[in-house]
Amino acid sequence: MTDGAGGVRRRSGEFGHVPVLLHRAADLLGPPIETAGEGAVFLDCTLGMGGHSAFFLEHFPGLRVIGLDRDTQAIDTASRRLAGFAGRFTAVHTRYDGIAEALGAVGIAERGGVDAILFDLGVSSLQLDESERGFAYSVDAPLDMRMDASAELTAATVVNTYAAADLRRVLSTYGEERFAAKIAAAIVRRRADAPFRTTGQLVELLYDVIPAGARRTGGHPAKRTFQALRIEVNGELDSLRAAVPAALDALTVGGRVAFMSYQSLEDRIVKRALADRSRSRSPQDLPVELPGTGPEFQLVTRGAERATEEEIAENPRSAPVRLRCARRIAGS
């Protein structure tokens, strides 16, 4: 996946994208899978087109993979791709904050039943490549941006019905857009004449509102607005806040979880949650650690790892990625 709506994307046959940091993810998550051996469980919380899951299934015989995705089109595509692993792969249609329910539905313990977990956050290559879904600002399309097509809220609804103050909040909070107030006011003025229906209409307004100097140095003028609308429409950050602790609880002792984030808002949520579960809960002034208050997790990566120059050259989508991994060292 990637957060760069409209950015460079590589395709490789029917199933499309080149998975980001594929081999590094396998290096980090492989040890607990190998230790568990036959019947090890890998939870792919962002299944997408199944690239990561396919690699793990191919390289770890006996591994069982559970793939979660809110996008039914992704579920269908990945299921076709992984049809040869019948009996070892199960897809579940859910947001990643539905981890506990999904595991229970497939007969795996909701707490301590999983050996390795992967989150590849952001918008998927499949969603970007389907131009009619409105995620990419480089193509004129309906103003939609729903990851789950059955959901009610669309980007058009946000743009055409939110009050100026709410639009400003969304753009500022989720897009970190410094021109949020100007953009919100311009949207409200223009929609009074006619509602926004396409991404092209919104992009045109953004070019008009954002100063030329900022456009020259700040990347595509629509990038931050499209990110903000997508996060609002899909409730991404609220979902992630609930998903991280559920994922940590699902891991067996010795199990590992890896997160690939593509913007600072996601990475901040992950960083804080991992830090919280990786510290002692004993009072700091005690000379010894109280029983049952030690850290549950140990950080495997030092800070957030970035893609190498070679990885970026091979797969430009990996340029913004921040990778964090942690290992469970004690039960709760």
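For the reader, a short list of remarks on this structure follows.
- Bridge type composition, the chain - antiparallel percent by DSSP, nearest 5: 40
- CD proxy at 222 nm, helix term only [per DSSP H run n ≥ 4: -39500 (n - 2.57); per residue of the chain; nearest 500]: -12500 deg cm²/dmol
- A cut-off of 5 Å between modelled amide H atoms, ignoring neighbours fewer than 5 places along the same chain, links GLY255 with ARG328.
- At the residue level, ARG95 shows approximately 90 square angstrom of accessible surface with a 1.4 angstrom probe and all protein chains present.
- Two-decimal ratio, the chain, of alpha-carbon radius of gyration to 2.2 N^0.38 Å: 1.04
- Around ILE210: net Lys/Arg minus Asp/Glu count, Cβ-Cβ under 13 Å: +3
- Accessible area of SER138 in the full protein assembly, 1.4 Å probe (Å², nearest 10): 80
- Residues in the chain average 43 Å² of solvent-accessible surface per residue, probe 1.4 Å, ligands and nucleic acids excluded.
- Of the residues ALA149, ALA313, GLN201, the one whose Cα sits farthest towards the positive end of the charge dipole of the chain is GLN201 (charges of +1 on Lys and Arg Cβ, -1 on Asp and Glu Cβ, taken about the Cα centre).
- Spin-label proximity, THR35 to segment 244-273 - amide N less than 17 Å from point 7 Å beyond Cα toward beta carbon: 248-258
- Here segment 106-242 is treated with +1 on each Lys and Arg Cβ and -1 on each Asp and Glu Cβ, and its dipole about the Cα centre works out to around 740 debye.
- Exposed loop sites here are GluC sites (Glu not before Pro) assigned a DSSP state other than H, G, I, E or B and surrounded by at most 14 other beta carbons within 10 Å; excluding them, the longest clear run of the chain is 39-151.
- Expressed as a whole percent, the accessible surface of the chain that belongs to carbon and sulfur atoms is 49, based on a 1.4 Å probe.
- Per-residue ³J(HN,Hα) for segment 164-181, Karplus 6.51 cos²θ - 1.76 cosθ + 1.60, θ = phi - 60°, Hz, x for Gly and Pro: 4, 5, 6, 4, 4, 4, 4, 5, 6, 6, 8, x, 6, 8, 6, 9, 4, 5
- For the chain, the dipole from Cβ point charges (+1 on Lys and Arg, -1 on Asp and Glu) about the Cα centre works out to 860 debye, to the nearest 20.
- Under the Karplus curve 6.51 cos²θ - 1.76 cosθ + 1.60, θ = phi - 60°, whole-Hz ³J(HN,Hα) for segment 84-89, x wherever Gly or Pro sits: x, 9, 3, x, 10, 10
- Built amide H within the under 5 Å cut-off of PHE89, gap 5+: VAL65
- Here the Karplus relation 6.51 cos²θ - 1.76 cosθ + 1.60, evaluated at θ = phi - 60°, turns the backbone of segment 313-322 into coupling constants of 5, 6, 9, x, 4, 7, 4, x, 5, 10 Hz, with x for every Gly and Pro.
The values are calculated or read from the model by the stated rules, or taken from the named source; none is laboratory data. A quick note: this is a predicted structure, and the numbers were derived from the prediction, not measured. With ideal geometry, Cβ positions are generated from the backbone for all residues, glycine too; neighbour counts draw on all protein chains shown. For accessibility, only protein heavy atoms count, side chains too; no ligands or nucleic acids. Shrake-Rupley method; radii C 1.70, N 1.55, O 1.52, S 1.80 Å.
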